[in-house]
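Before any comments, here is the structure.
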Amino acid sequence: MATGTLHIDLNALVENWRALDRQSATATGAVVKADGYGLGAGRVARALADAGVRTFFVAVAEEAAAIRASLGPDPVIYVFSGHMEGDAQALSDLGAVPLLNSPEQVARHRTHLPDHPFGLQIDTGMNRLGIEAYDWSPEMSQDAALVMSHLACADEPGHQGNQDQLRAFLDMTAGILAPRSLAATGGILLGPEYHFDMTRPGIGLYGGLPFSGAKQVARLDLPVVQTRRVKAGEAVGYGHAFIAESDRVIATVSAGYADGLIRAMSGKASLFAGDTPCPLAGRVSMDLLTVDVTHLDEVPEHLSILGPHQSVDQLANAASTIGYEILTSLGQRYKRSYS
Ligand SMILES: *Cc1c(COP(=O)(O)O)cnc(C)c1O
């Protein structure tokens with residue numbers, strides 16, 4: 001038995017891409033790093049390519065392998081971490097384009113892959129990745145396939161950092177000929193002045209905020225392994241963290257923190273029987289959850305933790321984290337069902 005079934009709605013994924021694509025007049029790529037935000041990079045990329053996506057982004061060179069294997073030689077695959085020591089072979093074999101982040105990376109690329117395409121990432125105020133303004137000159141962009149930067153606060157439209165980074169990006173790239181890219185999902189929603197020549201949505205494709213209009217892509221159903229009556233005063237699970245105040249019915253459900261259902265959900269999140277919420281009772285274990293189902297007339301074979309009644313962001317809220325972390329933590333033990 002798999003720990004649960006992760007249903008991935010590729011039509012919803014494609015609709016999300018189309019909806020984000022319609023928000024701008026420029027080209028729209030797709031970010032498929034971290035195994036397609038946990039949903040399966042090869043399958044996700046193929047669905048998007050079939051819908052017309054030509055440009056993909058991954059975090060590290062190795063991640064380009066699954067995309068290339070799934071899509072063949074044509075699509076462009078950019079690598080955010082650039083050209084690291086030892087990457088030349090993989091970049092060359094996979095035909096992946098590094099987004100160079102420092103003068104050192106530029107030098108390394110010139111030495112090891114002088115005829116191989118490259119892009120450049122510049123830092124406009126996030127101070128995470130990218131060439132700093134004091135190392136930058138617009139002439140570096142000669143022959144670059146793309147010049148990009150990343151926004152730190154795009155999920156907060158009113159944040160001053162957005163305008164500051166936009167201004168810095170405009171200043172640093174004034175007059176260059178290479179195509180430019182600044183916006184991920186949040187940046188697309190900030191409006192046209194952030195769109196430039198290419199957008200790079202990730203989370204919005206997979207149904208997450210800040211794209212509030214996204215269709216849900218992931219549904220996660222967990223089998224009920226066992227149901228028991230627990231008398232008032234009895235305890236449930238590790239540390240006896242749940243004490244029954246009255247007689248309860250507790251369902252034990254397959255899947256736990258080893259499947260990305262993090263312990264911070266303990267005592268906070270709910271599973272769903274149809275549209276009826278059933279709260280977690282006690283701590284999340286490695287492979288199991290205990291759920292209070294006292295109020296159900298009948299305990300179903302599965303309880304759902306992601307689905308129409310609970311989005312990735314709602315589940316993330318219950319665990320004080322973000323949808324990105326829930327999705328990318330889902331793990332490899334689920335049966336995956338694509339439709
Ligand atoms: C992850 C990432 C993206 C995609 O961001 P979302 O918020 O998921 O849309 C785009 N660009 C860079 C540089 C990233 O690291």
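The values are calculated or read from the model by the stated rules, or taken from the named source; none is laboratory data. Not measured: the values here are computed from a predicted model. As a convention, Cβ positions derive from the backbone with ideal geometry for all residues, glycine included, and neighbour counts pool all protein chains shown. Protein only, heavy atoms only, side chains kept; ligands, DNA and RNA dropped before computing areas. Shrake-Rupley method; radii C 1.70, N 1.55, O 1.52, S 1.80 Å.
Descriptive notes on the structure:
- Enumeration of residues in region 196-222 that are in a loop (DSSP other than H, G, I, E, B), within 15 Å of Leu182 (Cα to Cα) and more than 8 Å from the ligand (Cβ to nearest atom): Phe196, Asp197
- Checked against the criteria, Asp115 counts as more than 16 Å from the ligand (Cβ to nearest atom), more than 25 Å from the chain's Cα centre (by Cα) and in a loop (DSSP other than H, G, I, E, B).
- Total residues in region 118-158, condition away from the ligand (no atom under 16 Å from the Cβ) and among the hydrophobic types (A, V, I, L, M, F, W, C): 3
- Among the residues of region 130-172, those that are in a helix (DSSP H, G or I), touching a Gly at 6+ places or on another chain (Cβ under 7 Å), surrounded by fewer than 22 Cβ atoms within 10 Å (Cβ to Cβ) and not charged (D, E, K, R) comprise Pro138, Gly161, Ala168.
- Beta carbons closer than 8 Å, at least 6 apart along the sequence or on distinct chains, pair a first residue in region 198-210 that is open to solvent by 10 Å² or more (accessible area, probe 1.4 Å) with a second that is of a type in the set (D, E, K, R) and near the ligand (Cβ under 8 Å from one of its atoms) for Leu209/Asp155; Pro210/Asp155.
- Single residue of Leu151, Leu129 found to be over 17 Å from Tyr78 (Cα atoms), out of contact with any Pro (no Cβ under 9 Å at 6 or more places or on another chain), of a type outside the set (D, E, K, R) and in the same structural domain as Thr55 (by TED's automatic domain parsing): Leu151
Matching residues to (1) assigned to a helix (DSSP H, G or I); (2) within 16 Å of the ligand (Cβ to nearest atom); (3) touching a Lys or Arg at 6+ places or on another chain (Cβ under 8 Å); (4) open to solvent by 20 Å² or more (accessible area, probe 1.4 Å):
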site: Asp21; (1), (2), (3), (4): yes, yes, no, yes
site: Ala64; (1), (2), (3), (4): yes, yes, no, no
site: Ile77; (1), (2), (3), (4): no, yes, yes, no
site: Asp93; (1), (2), (3), (4): yes, no, no, yes
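- Considering residues of region 103-112 that are free of Cβ contacts under 8 Å to residues at least 24 places away in the same chain and surrounded by fewer than 16 Cβ atoms within 10 Å (Cβ to Cβ) only, the residue nearest to the chain's Cα centre (by Cα): Glu104
- Being buried (at least 16 other Cβ atoms within 10 Å of the Cβ) and over 13 Å from Ser304 (Cβ atoms) holds for only one residue in Gly233, Gly239, Gly256, and it is Gly256.
- Scanning region 51-61 for residues that are surrounded by 14 or more Cβ atoms within 10 Å (Cβ to Cβ) and either more than 16 Å from the ligand (Cβ to nearest atom) or more than 23 Å from Val14 (Cα to Cα) (or both) turns up Ala51, Arg54, Val60, Ala61.
- Look at region 257-270: where a residue is at negative phi and a partner is in a loop (DSSP other than H, G, I, E, B) and charged (D, E, K, R), sitting 6+ places away or on another chain with Cβ atoms under 9 Å, you get Tyr257/Asp287; Ala258/Asp287; Ala258/Arg333; Asp259/Asp287; Asp259/Arg333; Arg263/Arg283; Ser266/Arg283.
- Asp275 being open to solvent by 50 Å² or more (accessible area, probe 1.4 Å), under 30 Å from Leu20 (Cα atoms) and out of contact with any Asp or Glu (no Cβ under 6 Å at 6 or more places or on another chain): yes
- Looking across region 173-195, the residues that are open to solvent by less than 30 Å² (accessible area, probe 1.4 Å), of a type outside the set (Gly, Ala, Ser) and within 13 Å of the ligand (Cβ to nearest atom) come down to Leu182, Thr185, Ile188, Tyr194.
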